Amino acid sequence: MAPVPFTLTRADFAALQQRAAALGKRPIRGGRKLGGLRLMAARLLVWLVIATVLFSMFKVFDSPSLAPRYIACGAFGAVLAFVLAAACAPLLAQRAIADGGWFLSPQSVELSEVGVLQQVKGGCMQWEWSAFMAREESSTMHYLFIEPGQCVLLPKAALRPEAHALIRRHVPAKPAAGQAAPENSETSPPAAP
């Protein structure tokens, strides 16, 4: 099929964030209170690890051996990388939806039996059909999830009927809550006789 050009909007980005969050959520037993306690315990654990690394660094530098110093510096570097990554994630999302950012700039997709070729500002990506874990549809979009937080959006209005058929044939629909994922007929082995 020929490449299909389209441009996404900020409303498309907001809808994507909602669907990605819903796909990544797991039911929490015990309600909201237990979920809040788990989140608080996880944050406390991260800060305890950071404090332990910093404390051990000061103790290790009193040691005459160099090996503990290298280990402490490596651990400190890992903690620093974690903190920087957590701080930069919101900035990257803001940059993606800025005027002229890659999400809002004109792009195109080309669908084939092999997969999806997506061309955006600054590059292109080739996705085989097996790379997509699930698909969702709205009245205007196909959401092809690579993982819970990463998705390829395809506007339905820009696609030809053959493209809709290719997507539905190759990418399994996201299961409803409480259901097992449907088998993808293209990737499932044939049943034994």
Exercise. To the nearest 0.05, what FRET efficiency results for Ala2 and Ala85 with a Förster distance of 41 Å applied to their C-beta separation?
Worked result: 0.55
Seminar exercise, completed: The simple spin-label model distance between Met125 and Thr9, using points 7 Å out along Cα→Cβ, in nm, is 2.3
Problem set entry | Derived scalar couplings ³J(HN,Hα) [the range 129-143; Karplus, 6.51 cos²θ - 1.76 cosθ + 1.60; whole Hz; x for Gly, Pro] | 4, 5, 6, 8, 8, 6, 10, 10, 10, 10, 5, 10, 9, 9, 10
Exercise. How many nm is it between the label spots at Ile71 and Ala51, if each spot is 7 Å from the Cα in line with the beta carbon?
Worked result: 2.2
For this session: Loop only per DSSP, at most 13 neighbouring Cβ atoms within 10 Å: give me the trypsin sites (Lys or Arg not before Pro) in the range 117-170, ordered by residue number.
Result: Lys121
Exercise. Once the Cβ-Cβ distance between Leu117 and Gln17 is put in as r, and R0 is 35 Å, what FRET efficiency do you end up with, to the nearest 0.05?
Worked result: 0.90
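No lab work stands behind these numbers, since they all come straight from the coordinates. Since the model is a prediction, treat every value here as computed from it, not as a measurement. Here Cβ is always computed from backbone atoms with ideal geometry, including for glycine, and neighbour counts include all displayed protein chains.
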